[in-house]
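*Asks:* The structure under discussion is supplied below as structure tokens; questions concerning it will follow.
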Amino acid sequence: MPSKISMTIAISMAAAGSLMLATSPNEPTEPRVPAGHPAVSMPDVQDTPKEARPEDIKSIDSIVNAYYDSVSGPKGQRRDWNRLLSLFMPDGRFIVSRVVDGETIPMILTPQEFVDTNRTYFEQGGYFEQEIHRETDTFGHIAQVFSTYASRRALSDPEPYSRGINSIQVMNAGDRWWITTIMWESEHPDTNPIPEDYLSDEDSEG
């Protein structure tokens, strides 16, 4: 069993307002910052992460796949919501871009709020979120995954009722990967179609 990681979030109070994340598997230590960067504080994080399955958090691919698997299932099937919550760093966020009266409005949810908002819809109506294309960029301990998805209420549905792109930010902190943020926007074929570069060959209209 992997040891529990005590996560700390350090917030710089400089004018730049940069947000930094650090871990302290044994004793708290001051985070390394670039030369000339203002000192940062390390307040304790109160939320304790759910214990994750080792196979879910061993790589970028595994944690992204675990996200899709944890939210998907047929009508009437209860989801393992603790599994979903275990993928997220404390203070992780879901952010969805909504267009209201021509303006883009962000809706920001904690992972628990995401569960509370979608539990009934997913479990009683059936919901499968399937990845159809992935682009991954990495640098050091961080990665950005642009993941195109298609949503169906049942796997037998011939066409998805919705598609879009998940922008998934992940970090390797300590001995595992964490999701820090999932931000997404749905496709609107007439005004905001998914570019062909972010579609698989069979889903592309080209």
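The values are calculated or read from the model by the stated rules, or taken from the named source; none is laboratory data. Since the model is a prediction, treat every value here as computed from it, not as a measurement. Positions of Cβ are backbone-derived with ideal geometry, glycine not excepted, and every protein chain shown enters the neighbour counts.
*Asks:* Out of contact with any Asp or Glu (no Cβ under 6 Å at 6 or more places or on another chain), in contact (Cβ under 8 Å) with a residue 60 or more places away in the chain and crowded, with 18+ Cβ neighbours inside 10 Å, is that true of R176?
*Replies:* Yes, satisfied.
*Asks:* Check R98, R119, R93 and return the single one that is free of Cβ contacts under 8 Å to residues at least 60 places away in the same chain and in a strand (DSSP E or B).
*Replies:* Criteria check complete, one pass: R98.
*Asks:* Any chance you could count how many residues in the stretch 71-90 are among the polar types (S, T, N, Q), closer than 20 Å to P49 by Cα and in a loop (DSSP other than H, G, I, E, B)?
*Replies:* Within the stretch 71-90, residues that are among the polar types (S, T, N, Q), closer than 20 Å to P49 by Cα and in a loop (DSSP other than H, G, I, E, B) number 0.
*Asks:* Evaluate the following for D91: is it surrounded by fewer than 17 Cβ atoms within 10 Å (Cβ to Cβ) and either basic (K, R) or at pLDDT 95 or above (or both)?
*Replies:* For D91, the condition - surrounded by fewer than 17 Cβ atoms within 10 Å (Cβ to Cβ) and either basic (K, R) or at pLDDT 95 or above (or both) - is not met.
*Asks:* Any residue that is within 23 Å of E51 (Cβ to Cβ), modelled with pLDDT of 95 or more and out of contact with any Lys or Arg (no Cβ under 8 Å at 6 or more places or on another chain) - is there at least one of those in the stretch 143-162?
*Replies:* So far as the stretch 143-162 goes, yes, one or more of its residues are within 23 Å of E51 (Cβ to Cβ), modelled with pLDDT of 95 or more and out of contact with any Lys or Arg (no Cβ under 8 Å at 6 or more places or on another chain).
*Asks:* If you don't mind, another one. Test P74 against the stated conditions and say whether it is on the phi < 0 side of the Ramachandran plot, assigned by TED's automatic domain parsing to the domain that holds V170, in contact (Cβ under 8 Å) with a residue 12 or more places away in the chain and touching a Gly at 6+ places or on another chain (Cβ under 6 Å).
*Replies:* yes
*Asks:* I need a count of the residues in the stretch 51-64 that are touching a Ser or Thr at 6+ places or on another chain (Cβ under 9 Å) and under 27 Å from L155 (Cβ atoms).
*Replies:* 8
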